[in-house]
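What follows is a short report on a single structure.
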Amino acid sequence: MDRIKYYVTIITILCVSFLGNAQIFNPVEWSASLTQEDEETYIVTFKGEIEDEWHVYSMHEYPEDAIAPIPLSLGFTAKDSLYTLVGKAIESKTKTSYNDTFELDETYFVHEAIIKQKVKLTDAQTTQIKVEMEYQVCKEVCLSEVAYFIFDLEKKTGSVVDAAVFEGKKEETEQIKIIETDNFPVQEDNIISESNSTETPEQQKGIWTIFIIAFFSGFAALLTPCVFPMIPMTVSFFTKQSKNRAVGIRNAFLYGFFIILIYVVLGGIVTRIFGAEYLNELSTSVGFNLIFFVLLIVFAASFLGAFEIMLPNSWANKVDRQADRGGIIGIFFMALALAIVSFSCTGPIVGTLLVEATSKGGIAPIMGMLGFSLALAIPFMLFAMFPGWMNSLPKSGGWLNTVKVVLGFLELAFAFKFLSNADLVLQLHWLEREMFLAIWIAVFGILGFYLLGKIRLPHDSPIEKISVGRLFMAIVTFVFTIYLIPGLWGAPLKLISGFPPPLSYSESPQGIGVSYPVSKEALPEGAKYAEHNIVAFTDYQQGLTYAKKVGKPALIDFTGFACVNCRKMEENVWVEDKVLQLLKNDVVLISLYVDYKEELPESEQYISETTGRKVKTIGNKWSDFQIKKYKANAQPYYVMIDHNENNLSSPVGYTPDAKEFYQWLKQGVNKFK
């Protein structure tokens with residue numbers, strides 16, 4: 001029990017301290033400066049650096065009777081008696097987009113807000129200008145904030161102060177972050193509707209921000225197909241290890257603790273030895289996907305009753321001699337297995353986190369891996385407590401074996417996803433969309449008959465009648481099986497988008513009875529038909545050259561043959577009418593596959609400046625390009641650029657909301673025009 005308390009205390013302290021600190025961070029960091037035009041006239045400047053994904057509403061005014069966001073406002077104290085304001089405040093570049101909640105166009109700052117106000121003194125003895133700023137900063141939620149500024153006319157400086165200094169109840173001891181903004185272009189118009197920034201400065205994130213991003217990324221990783229199949233392994237292991245509920249709870253906490261420990265240690269080692277790019281390559285490695293396919297087939301066969309996966313007898317003997325130590329070692333290796341096997345899907349996520357965290361330096365990489373592993377460990381810890389509960393049920397119950405068999409069928413289905421990944425990367429066309437769906441139809445069809453009791457496996461008990469719950473599961477399984485069948489003839493199957501190969505990777509890419517190509521117009525040199533007959537280039541320079549020729553912006557699509565979320569975007573978002581029209585008519589699509597295994601000519605191979613590794617394949621080249629230029633390593637990743645290769649908007653990743661993606665595309669197209 002002392003050990004249980006020890007591990008509980010450690011994890012509790014970690015959770016409480018992280019979450020407690022996370023609530024303190026301010027999404028906007030303000031600074032101020034002051035410049036003098038003549039004896040009586042000054043310009044006060046406010047600059048805010050806004051965290052990624054947050055935005056601050058501008059000073060734009062909305063109709064009085066409208067339900068609208070709260071605009072930013074500047075409260076100048078002692079105005080009129082000491083000085084007057086000359087004209088309206090000038091704002092830096094903003095964005096305007098339609099808000100469904102307010103049913104109006106809202107105007108806001110992203111990444112950076114700069115506001116200038118010209119002030120003319122009416123009293124020559126004035127030494128200070130005080131300003132109280134009220135604003136609203138939003139993400140999923142909105143925070144109403146206040147910032148206080150004091151401008152010293154004698155020192156010609158501006159500073160951000162707390163409320164006590166502003167009210168004169170405390171002396172100002174130091175000036176906070178003075179900035180120079182003399183070369184800031186003053187705009188004649190108060191508001192600029194669309195984002196006119198060609199390049200967004202990289203925002204500095206604190207280590208707690210890195211932790212928060214990593215924490216939510218860990219939860220996202222739980223939904224990937226190579227983390228989910230590890231759950232049955234956890235059930236089996238803890239079912240055998242847990243003698244009672246107390247032991248089960250102890251093992252669960254140890255399991256979670258070791259997941260955290262292993263990810264932090266392995267993440268640091270892999271980053272130091274191989275670099276962050278290696279993780280992304282691992283997830284698209286043909287060998288790794290084939291190994292994982294075989295492992296899942298073995299696991300599936302075990303749960304279907306072919307054999308039992310057991311630790312070696314020598315391990316069991318050591319556990320008998322040193323019970324406590326042996327149990328902890330076994331749990332450690334279970335956590336290690338999760339970390340290694342799940343890298344096929346978590347690799348790109350971890351890789352992106354490591355690229356971002358490493359660029360911050362210090363302990364940021366450790367904090368990133370800590371946040372990721374904590375989110376991954378908590379659900380496994382909770383789930384790992386269930387074996388103790390299941391052991392308290394009668395041993396003769398056949399429902400537990402039924403659960404294992406169902407999970408075995410699911411593992412069997414998921415196994416072919418990884419075989420498909422290897423086939424896609426090699427472009428062998430051995431496991432095309434029709435064959436993949438035929439396998440899934442067979443697997444889930446047989447599962448339906450099993451649930452109805454029509455099929456019995458080695459460890460099943462005789463079934464005289466089935467329960468209502470089992471009947472409902474069978475109905476759901478058969479409905480899903482029937483849903484898959486039209487996919488053999490070209491149906492999109494949005495429910496499972498990303499799992500089967502894309503429509504373009506099939507015997508009939510355009511559907512049964514449709515000839516290819518659809519368009520009679522000759523394809524440009526270097527182009528091909530991508531999903532939904534979009535003309536796409538797979539070489540950056542060729543695509544950019546064509547974009548210049550036709551006078552359109554270029555949309556860079558960092559993707560992968562084995563990228564699940566890339567397929568979801570193509571099948572669920574790109575297919576929407578407005579999005580599809582923009583992709584076909586208003587941009588030049590450049591799809592760069594980071595897992596393309598074709599080797600570059602010897603003369604074009606090189607050592608990467610960012611990762612220190614040799615770039616040998618076309619996929620290596622595009623992955624290195626993405627890391628070097630955009631400091632990102634996850635796919636999908638979309639960047640819209642002009643003919644000078646400047647960003648037309650901030651790059652985005654996986655964006656499942658078609659309306660949001662359309663607005664992002666439209667913003668870039670409008671900026672280009």
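One table, with the values for the structure above:
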quantity	calculated
Theoretical gain in end-to-end length, Phe216 to Tyr540 [0.36 nm per residue, Cα-Cα removed]	113.4 nm
Table column - 3J(HN,Hα) (Hz), region 445-459, Karplus curve with 6.51, -1.76, 1.60, x for Gly and Pro	x, 5, 4, x, 5, 4, 5, 7, x, 7, 10, 10, 10, x, 9
Long pairs among Lys93/Lys631; Lys628/Lys659; Lys139/Lys597, criterion Cα-Cα beyond 32 Å	Lys139/Lys597
Order by protection proxy (mean Cβ within 10 Å, highest first), peptides 75-81, 252-258, 483-489	252-258, 483-489, 75-81
FRET efficiency, Lys494 to Thr35 (Cβ-Cβ, R0 56 Å, nearest 0.05)	0.50
In nm, spacing of pseudo-spin labels at Asp657 and Asn644 (7 Å Cα→C-beta vector)	3.2
Förster-model FRET efficiency, 41 Å R0, Asp123 and Asp52, C-beta, rounded to 0.05	0.40
Per-residue HN-Hα couplings for region 409-422 [Karplus 6.51, -1.76, 1.60; θ = phi - 60°; Hz; x = Gly/Pro]	4, 5, 5, 4, 5, 5, 4, 6, 5, 6, 5, 5, 4, 4
Violating pairs (Cα-Cα greater than 28 angstrom) within the set Lys417/Lys465; Lys552/Lys614; Lys614/Lys673; Lys95/Lys578	Lys417/Lys465; Lys552/Lys614; Lys614/Lys673
Two-site label geometry, Phe449 and Val265: point separation in nm, points 7 Å out along Cα→Cβ	4.8
Order of Phe372, Phe480, Phe292, Phe472 - criterion: other Cβ atoms within 10 Å of each residue's Cβ, fewest first	Phe472, Phe480, Phe292, Phe372
Modelled FRET efficiency - R0 35 Å, Glu134 with Lys631, Cβ distances, 0.05 increments	0.55
Candidates per chymotrypsin sites (Phe, Trp or Tyr not before Pro) in region 409-466, loop by DSSP, up to 15 other Cβ within 10 Å	Trp430
Amide H contacts under 5 Å for Leu153, placed H, 5+ residues apart	Gln128, Ile129
Amide H contacts of Val652 (H built 1.01 Å from N, under 5 Å, at least 5 apart or other chain)	Tyr638
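No lab work stands behind these numbers, since they all come straight from the coordinates. Computed from a predicted structure; not experimentally measured. Don't worry about glycine lacking a Cβ; one is built from the backbone with ideal geometry, like all the others, and counts go over all protein chains shown.
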